[in-house]
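Chemist: Here it is: the structure, laid out below.
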Amino acid sequence: MLSPLVSNTRKTSTPGRDNGDKYSVLLPTYNERENLPLIVWLLVKYFGESGYKYEIIVIDDGSPDGTLEIAQQLQGIYGEDKILLRPRAKKLGLGTAYIHGMKHATGNFIIIMDADLSHHPKFIPEFIEKQREGDYDLVSGTRYRGNGGVYGWDLRRKLISRGANFLTQVLLRPGASDLTGSFRLYKKEVLESLVERCVSKGYVFQMEMIVRARQLNYTVGEVPISFVDRVYGESKLGGNEIVSFAKGLLTLFATT
Ligand code: GDD
Ligand code: MN
């Protein structure tokens with residue numbers, strides 16, 4: 001018979017602990033040496049506490065600041081089963097970094113997030129619970145619903161993000177509140193089928209993914225998140241990315 005002592009030492013049961021599902025977290029990095037140790041530590045902490053199976057795949061694009069060496073050290077600390085390194089020789093863009101990482105993922109779910117601490121790993125258990133609640137094909141973090149929000153952005157950045165969301169909402173009516181955010185959880189086969197259909201490569205990729213998800217009648221769950229602007233390093237979103245976003249949006253408008 002189990003003594004009460006034994007059962008007390010077990011963690012209180014929360015729905016959906018390790019039941020065979022595995023979550024592959026894709027972390028694209030370009031010059032994130034200050035941020036990577038902390039984001040990895042937080043991921044290990046929250047996955048450890050919640051008990052879900054996971055792996056972290058770091059896709060570094062030849063960062064001149066030596067992010068890859070930091071990632072190698074982290075692999076030494078946390079183990080090769082937890083930290084996978086799938087670097088590329090040079091900066092080839094965010095969209096293709098996800099695709100590259102996805103090919104190496106062994107989980108049946110994929111989580112995409114930024115490595116600069118703008119996306120807090122504490123939300124991941126909520127993404128997972130939401131996904132299970134409705135068996136959603138994808139769960140999207142939203143800054144524009146419920147308690148979601150943006151912290152630390154200047155007016156220009158806020159206007160760009162709101163503007164991009166607003167224009168896309170009007171032109172494409174995708175039925176999700178945050179189209180340009182990139183904190184998401186996908187069923188692996190859903191991500192694969194979306195990626196096959198996506199034409200854009202840069203930042204506009206996020207928006208195209210959710211628009212295509214809608215077309216293919218995939219179900220989308222949302223979790224309000226707070227996005228906190230990075231403390232270390234710089235955003236790679238420049239004028240070029242804004243122009244290519246606009247082009248991508250018009251292409252989608254014309255073709256969908
Ligand atoms: N491997 C790789 N290659 N990683 C990259 C590249 C690249 O070419 N460009 C950026 N990254 C990584 C960064 O190191 C970071 O982990 C993440 O991708 C996001 O890049 P940021 O430069 O921090 O993006 P941001 O903060 O300006 O933009 C965020 O908000 C946008 C609007 O909401 C991102 O979440 C975007 O995806 C989002 O569209
Ligand atoms: Mn950022």
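Chemist: Working out 0.36 nm times the residue gap between residue 255 and residue 86, then minus their Cα-Cα distance, what length gain in nm do you get to one decimal?
Modeler: Extra length available between residue 255 and residue 86 comes to 57.5 nm.
Chemist: Which whole-number percent gives the relative contact order of the chain, counting Cα pairs below 8 Å spaced six or more residues apart?
Modeler: For the chain, the relative contact order is 22 percent.
Chemist: Work out the length of the dipole vector of the chain about its Cα centre, built from +1 on the beta-carbon of each Lys and Arg and -1 on the beta-carbon of each Asp and Glu, and round it to the nearest 20 debye.
Modeler: 460
Chemist: Name the shape class, rounded, prolate or oblate, that the alpha-carbon gyration tensor gives for the stretch 192-256, where a ≥ b ≥ c are the square roots of its eigenvalues, rounded holds for a/c under 1.5, and otherwise prolate holds if a/b is larger than b/c and oblate otherwise.
Modeler: The shape class here is oblate.
Chemist: On to the next question. Kindly provide the pair-distance distribution of the stretch 112-256 built from C-alpha pairs, with 10 Å bins from 0 and whole-percent values in order of increasing distance.
Modeler: Pair shares across the bins are 11, 44, 37, 8.
Chemist: Which value at 222 nm does the chain reach when only helices count, each DSSP H run of 4 or more adding -39,500 (n - 2.57), with the total divided by all residues and rounded to the nearest 500 deg cm²/dmol?
Modeler: Calculated at 222 nm, the ellipticity per residue is -13500 deg cm²/dmol.
Chemist: Let me know the shape class of the stretch 92-131, please: from the alpha-carbon gyration tensor, a ≥ b ≥ c as square roots of the eigenvalues, rounded when a/c is under 1.5, otherwise prolate if a/b is greater than b/c, or oblate.
Modeler: It comes out oblate by the Cα gyration axes.
Chemist: Add +1 for every Lys or Arg and -1 for every Asp or Glu among the other residues with Cβ under 11 Å from the Cβ of residue 57, and state the total.
Modeler: Once all neighbours under 11 Å are counted, the net charge is +1.
Chemist: Using 0.36 nm per residue of separation minus the Cα-Cα distance, give me the extension gain between residue 217 and residue 154 in nm, one decimal.
Modeler: Contour length minus Cα-Cα distance gives 19.1 nm.
Chemist: Excluding residue 233 itself, calculate the net charge of residues whose Cβ lies under 12 Å from the Cβ of residue 233, where each Lys or Arg counts +1 and each Asp or Glu counts -1.
Modeler: Once all neighbours under 12 Å are counted, the net charge is -4.
Chemist: So what is the relative contact order of the stretch 93-183, in percent, for Cα pairs below 8 Å that sit 6 or more residues apart?
Modeler: The value is 32 percent.
Chemist: Here's something else I'd like to know. Quick check: pseudo-label points 7 Å beyond the Cα along Cα→Cβ at residue 244 and residue 196, how many nm apart are they?
Modeler: Reported label-point gap for residue 244 and residue 196 is 2.5 nm.
Chemist: In whole Hz, what ³J(HN,Hα) sequence does the stretch 182-196 give by Karplus (6.51, -1.76, 1.60; θ = phi - 60°), x for Gly and Pro?
Modeler: 9, 10, 9, 10, 10, 5, 4, 5, 5, 4, 4, 6, 5, 4, 4
Chemist: Then there is this: Please work out how much length the chain gains when fully extended from residue 173 to residue 22, using 0.36 nm per residue of separation minus the C-alpha to C-alpha distance, in nm with one decimal.
Modeler: Length gained between residue 173 and residue 22: 51.1 nm.
Chemist: For the pair residue 234 and residue 106, how long in nm is the line joining their label points, each one 7 Å along Cα→Cβ?
Modeler: Placing both labels 7 Å along Cα→Cβ, they lie 3.9 nm apart.
Chemist: Tell me the relative contact order for the stretch 62-134 as a rounded percent, counting alpha carbon contacts under 8 Å between residues six or more apart.
Modeler: 23
Chemist: I'm a student and want to see the number: the projected area of the Cα convex hull of the chain, averaged over all directions, in nm².
Modeler: Orientation-averaged projected area of the Cα hull: 14.8 nm².
Rule-based calculations on the coordinates, nothing more; no lab input. Note that the structure is predicted; figures quoted are calculated from it, not measured. Note that each Cβ is placed from the backbone with ideal geometry, even for glycine, and that neighbours are counted across all protein chains shown.
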